[in-house]
Structures are given as structure tokens and as C-alpha cells.
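**Student:** There's a structure below that I have some questions on.
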Amino acid sequence: MMIREMSRKTLVLLAVLVILVVLSAATLDYSGLRTFSPAMGMDVLRGLGQPDWGFLYDGSGEDLLSLLLLTIGIACLGTMIATVLAIPITLISAVNLWQAHPWVTKLGKFVCNVLRAFPELVFAIIFVKVVGPGPFAGVMAIGVHQIGMLGKLFTEEMEAMDERLVEEMHAVGANFWQTIFFVRIPYLMPIYCSLALNHFEIAVRSAATLGLVGAGGIGAPLIFAIQTRSWSKVSIILIGVVVTVFILDQITGIIRKKLR
């Protein structure tokens, strides 16, 4: 009986999924395919196959290497700010810290939900208008967005930790703040560091696009190269971004293993 019930539920879910896929495909606008030109597509592929190695480094500060370092710096500083500020948000949001005052946790989680509801690009547009174009706007955009992201993840880890350690500290007379600083944070710090490193990788990818709206990084020359159809420059920029992300992934992976 239970098997039949599960089979029915599975069939219903599959039917709903198929309907959603069909509706999504049917409502798309395919009119852009009329302007597709195989010859133009081949030109793009030929251009991407001939990277402009002269853009790699020329000492001007506007070359690929300099802009990638700037992109990494934006991501690193933004993630550091978010990591530090996410901890106070976590102390407000965790249910197991405010069992007597549940409205406090609702307030903290509401703040996290608001901050992570909008992508970095939206925050970047806002900060470019507030503080002017440049890397600082990118740092603020990544930092604000990731406060919400890391705050949510930190809160979930705080709520899932083993409370027996805290109870043992209470049994020997420790107060609330002593359990925070001597039990909870030391216990969770390796996990928090791992999550922060993971979001640093994500921030590098995000920072690579923030230049599109004037928030610094490699995004601006990338969009200019695409608009002017400088496919050789687009190619070297894409190669640089892929190599950078790969190297950072390897480095942060090694660090995360050490934290376990």
C-alpha cells in the first residue's frame, strides 16, 4: 500500500515537472533565432581561438593581470567584511540562544533574508550611485549581500551544534557570554572559516561581473570587448577568469581540508 502511495506521489511530481518544462519552453520568445548567422558564429569562435596575449600584462594597470588582482581584492575584502558582520547577526538569529525571546530571532532572520534577497549587481548599482564608481562600491555590494548569505549559514550551524557542550559549561557555572566565547565560537570557527572560504570563491565570480555597472574589476573591459566584438580580448579575459577561479579553488580546498 505504501509503495503504491509513493508511486502515485512520484508520478504526480513527474507530471508536474513535465508540465512546468513544457510551459517554460512554450512561453519562450524564439524570434531571436531568425537573426542567427552561422558565419557570424564561426567568426566568434575563430576570434575566441586567438587570445590577445598582449593584453595579459603591459604595466598600465589596465591589463588582465592587474584587473584580476583587483577583482580578487574586491572579493576578499567584501567577504572579510561580511564574515565579521555576519557573526553578530548570527548571535541574534539563532533560536537556541533566544528561546525566551523568539521575536529576536525573527528579527535577525528577517535582516538576513532582506540582505540576501537582492543579487550583488543590484547592490553594486546602488553603491555606485552612493559612493561613486570604483572598487569600493564593489566591496560594499559583495559585503552587504554576503552578510545575509553567511548570516543564514552561520545561524543554521549554530542551531545544529551539540548543546551538551553548553550544558556542561552551565553545570560548572559559566554564564551566557562565557559559553559563547569559550564553547560555541571555538566549536564552530572551523566550519565558519570553511563557509567563508567557499563564499570567497563565489565572490570572485561575482566581482568579475560587477565592473559592468562601474564597480571595478574585470567586468568592464569584458563587456566593452564584447560590445566592440574584440573576441580575441574576450578570449584572454575568459581564460584569465577560468584560471584564476581554478587556482583559488585549489588553494581554498587545501585550506578547508586543514580546517577539518
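**Student:** Select, from Gly54, Gly41, Gly59, the only residue that is modelled with pLDDT under 85, more than 30 Å from His170 (Cα to Cα), open to solvent by 40 Å² or more (accessible area, probe 1.4 Å) and in a helix (DSSP H, G or I).
**Tutor:** Working: Gly41 fails: open to solvent by 40 Å² or more (accessible area, probe 1.4 Å); Gly59 fails: in a helix (DSSP H, G or I).
When all the criteria are applied, what remains is Gly54.
**Student:** Okay, moving on. Take the residues in region 112-155 that are of a type in the set (A, V, I, L, M, F, W, C) and over 23 Å from Ala215 (Cβ atoms); name whichever of them is least open to solvent (accessible area, probe 1.4 Å). Give the steps one after another, and end with the answer.
**Tutor:** If we filter region 112-155 for residues that are of a type in the set (A, V, I, L, M, F, W, C), which is where we start, we get 112, 114-115, 117-118, 121-128, 130-131, 136-137, 139-142, 144, 147, 149-150, 153-154.
Keeping just the survivors that are over 23 Å from Ala215 (Cβ atoms) gives 153-154.
Working: Leu153: 45, Phe154: 0 Å².
Within region 112-155, the match that is least open to solvent (accessible area, probe 1.4 Å) is Phe154.
**Student:** Okay, moving on. Residues of region 216-234 being part of a helix (DSSP H, G or I) and open to solvent by less than 20 Å² (accessible area, probe 1.4 Å), which ones?
**Tutor:** Selection gives Gly219, Ala225, Val234.
**Student:** So, in region 18-37, of the ones that are open to solvent by less than 90 Å² (accessible area, probe 1.4 Å) and modelled with pLDDT under 80, which residue ends up nearest to Leu238 (Cα to Cα)?
**Tutor:** Looking only at region 18-37, we keep the residues that are open to solvent by less than 90 Å² (accessible area, probe 1.4 Å), and these are 18, 21-22, 24-26, 31-32, 37.
When the remaining residues are screened for being modelled with pLDDT under 80, the result is 31-32, 37.
Working: Ser31: 28, Gly32: 25, Ser37: 23 Å.
Across region 18-37, the extreme among qualifying residues is Ser37.
**Student:** Is it true that some residue in region 88-107 is in a helix (DSSP H, G or I), more than 27 Å from Phe224 (Cα to Cα), open to solvent by 70 Å² or more (accessible area, probe 1.4 Å) and among the charged types (D, E, K, R)?
**Tutor:** So far as region 88-107 goes, yes, one or more of its residues are in a helix (DSSP H, G or I), more than 27 Å from Phe224 (Cα to Cα), open to solvent by 70 Å² or more (accessible area, probe 1.4 Å) and among the charged types (D, E, K, R).
**Student:** In addition: Give me the pairs: first residue in region 211-230 and under 17 Å from Ala137 (Cβ atoms), second residue assigned to a loop (DSSP other than H, G, I, E, B) and open to solvent by less than 10 Å² (accessible area, probe 1.4 Å), beta-carbon distance under 9 Å, and six or more apart or on different chains, which are they?
**Tutor:** So the pair list comes out as Gly211/Gly217; Gly211/Ile218.
**Student:** Follow-up. How many residues are among the hydrophobic types (A, V, I, L, M, F, W, C) and open to solvent by 60 Å² or more (accessible area, probe 1.4 Å) if we restrict to region 192-215? I'd like the intermediate steps shown before the answer.
**Tutor:** Quick first cut of region 192-215, residues among the hydrophobic types (A, V, I, L, M, F, W, C) only: 193, 195-197, 200, 202-204, 207-208, 210, 212-213, 215.
Narrowing further to those that are open to solvent by 60 Å² or more (accessible area, probe 1.4 Å): 202, 212.
Within region 192-215, residues that are among the hydrophobic types (A, V, I, L, M, F, W, C) and open to solvent by 60 Å² or more (accessible area, probe 1.4 Å) number 2.
**Student:** Please list, ordered by first then second residue, the pairs with beta carbon atoms under 8 Å, 6 or more apart or interchain, first in region 83-103 and closer than 22 Å to Ser194 by Cα, second aromatic (Phe, Trp, Tyr).
**Tutor:** Every condition considered, the pairs that remain are Thr83/Tyr192; Ala86/Phe154; Ile87/Phe154; Ile87/Tyr192; Ile89/Phe154; Thr90/Phe154; Ile92/Trp98.
**Student:** In addition: Can you tell me which of Leu48, Leu65 is surrounded by 10 or more Cβ atoms within 10 Å (Cβ to Cβ) and touching a Leu at 6+ places or on another chain (Cβ under 7 Å)?
**Tutor:** Leu65
**Student:** Applying the selection to region 156-181, what residues are closer than 27 Å to Thr79 by Cβ and surrounded by 13 or more Cβ atoms within 10 Å (Cβ to Cβ)?
**Tutor:** Matches in region 156-181: Glu156, Glu157, Met158, Glu159, Met161, Ile180.
The values are calculated or read from the model by the stated rules, or taken from the named source; none is laboratory data. This is a predicted model, so every value here is computed, not measured. A quick note on method: Cβ atoms are made from the backbone with ideal geometry, for glycine too, and the neighbour counts reach across all protein chains shown. Just the protein is used for accessible areas: all its heavy atoms, side chains included, with ligands, DNA and RNA removed. Shrake-Rupley method; radii C 1.70, N 1.55, O 1.52, S 1.80 Å.
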